[in-house]
Every structure is written in structure tokens, then in C-alpha cells.
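Notes follow once the structure below has been shown.
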Amino acid sequence: MTLSNISRYLKKIEEELGNKELQVGWFKDAKYPNEDKTPVAYVAAIQELGVPSRSIPARPFMRPTFKTKKDRWIQLFAQGLAQQKTGQQIFDSLGLSMVGDIREAITDVTTPPLSKVTLALRKIRKDGGKVTGKTVGQVAGKLARGENVPLSSNTKPLNETGYMLATLTYRIETNTINT
């Protein structure tokens, strides 16, 4: 390959990807199939960052994945360039890799352990019950009084239904701000 061919290829890639961005996560259409159609991105953000005021601890999976996989993703991008793939092919490969790595991180989260309140609410939902704010208060009160409350055997954080894993995806968007 000549320097002129490399130059033409890089110019073509720059034209193809110059105003594109690869986005990974949960998008507007990803909503839990519950009554209020809770956005999965909202739940993922709560789990990633935690909400101390509501006694929800952080269970980060996105930030650690970006930190540990960033160099591998850069290498994957460079390999795509070296193999003269199209911008679409490079972004598709990178997007699939990122989604896979984040899914793996989600499944690897085991701490902090779920609270007894959460395990009781999981059991209620599993048994077909509806969980409301009132239910949460009732369960928390029973546990505080030392009453016996049935708990779910599913103690795995971030994976009550598998919906967060199933709806994680990527997309390639045109960046209209810089065009």
C-alpha cells in the first residue's frame, strides 16, 4: 500500500466518521415493562452512582469498564483502520465489544450485597405481587420489628429480571452540534 492510498483511505474514514459518534447504553425506547414504564437508563444510573439518601449503594459497572477496557477499545479501533474497514464496520465492531464488556461487568457485580428489604421486594414481585412505595415501607417496618419476611433466593445485584442486560445496546449517531 502506498502513502497516497493510505492518505485517501484516512480521508475517506474522516469524511465518513467526522460527524458521527458511537453511543453505548440505554436509550429512550428501553423501558421496563412495568406499569410506569421506568426507563432502564434511569435504573442503570441509580445503580452506577447509588442514592445514599435512599440507602441505595453504588454498584458501578460502566466507569470501571471504561477505565479498564479503554486501551483495548482504542486498539480495536486502530486494528479496524489497519484492516481498511469502513467506518461503519469499525464502529459496529467497537460497539459490540463495548456492549459485551459492559454486560460482563454487570454480571460480575456482587457487592455490596442486596438489603433484606430488596430481597423481600424481589420475592413479592416473583410471587406476582405489586410493589409500591407503601409496600416498601411495610416491608421495611416488618424487618425493623424483627418480623419474619420471606426473602428471594436471587441475591445477585443488578439482575432481577435480566432486562438491564438485554436492553444494553449501541448506536451510531450523527453529531449535529459540530456539523
(request) Note the count of lysine pairs whose C-alpha atoms are less than 23 angstrom apart in segment 82-162, limited to pairs 8 or more residues apart or on different chains. (result) 15
(request) Evaluate Rg over Rh across segment 23-90, taking Cα atoms for both radii and Kirkwood's formula for Rh. (result) 1.15
(request) Just flag the trypsin sites (Lys or Arg not before Pro) in segment 16-58 sitting in loop per DSSP whose Cβ has no more than 11 other Cβ atoms within 10 Å. (result) Lys28, Lys37
(message) How many angstrom lie between the Cα centre of segment 26-98 and the Cα centre of segment 1-22?
(response) 26 Å
(request) Return the aspartates and glutamates within reach of Lys12: Cα separation strictly under 19 angstrom, same-chain partners fewer than 8 residues apart disregarded; answer none if there are no such residues. (result) Glu21, Asp92, Glu173
(request) Report P(r) for segment 1-117: all Cα-Cα distances, bin width 5 Å, range 0 to the bin holding the largest distance, values in whole percent. (result) 2, 9, 15, 17, 16, 12, 9, 7, 5, 3, 2, 1, 0, 0
(request) Per DSSP H run of n ≥ 4, the term is -39500 (n - 2.57); total these for the chain, divide by its residue number, and report the mean residue ellipticity at 222 nm rounded to 500 deg cm²/dmol. (result) -17000 deg cm²/dmol
(request) Can you tell me the relative contact order of segment 38-108? Whole percent, Cα pairs under 8 Å, sequence separation 6 or more. (result) 25 percent
(message) Percent of Cα-Cα pairs more than 16 Å apart in segment 113-164, please.
(response) 37 percent
(request) Roll a 1.4 Å probe over the protein chains and send me the accessible area per residue for the chain in Å². (result) 64 Å²
(request) Go through Gly133, Gly162, Val109 and say which Cα lies farthest out towards the positive end of the charge dipole of the chain; charges sit on Cβ, +1 for Lys and Arg, -1 for Asp and Glu. (result) Gly133
(message) To make sure I understand the rule: partners must be lysines, Cα under 20 Å from the Cα of Lys28, and not fewer than 8 residues away in the same chain. Which ones qualify?
(response) Lys20, Lys37
(message) I'd like to compare 90-97, 4-11: which one has the highest average count of other Cβ atoms within 10 Å, and what's the full order after that?
(response) 90-97, 4-11
(request) Return a whole-number percent for the relative contact order of the chain, with Cα pairs under 8 Å and 6 or more residues apart as the contact set. (result) 31 percent
(message) Report the per residue volume, in Å³, of the convex hull enclosing the C-alpha atoms of segment 70-179.
(response) 167 Å³
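The values are calculated or read from the model by the stated rules, or taken from the named source; none is laboratory data. If you're wondering where the values come from, they're calculated on a predicted model, not measured in any experiment. As a convention, Cβ positions derive from the backbone with ideal geometry for all residues, glycine included, and neighbour counts pool all protein chains shown. Note: areas computed on protein heavy atoms with side chains; ligands, DNA, RNA excluded. Shrake-Rupley method; radii C 1.70, N 1.55, O 1.52, S 1.80 Å.
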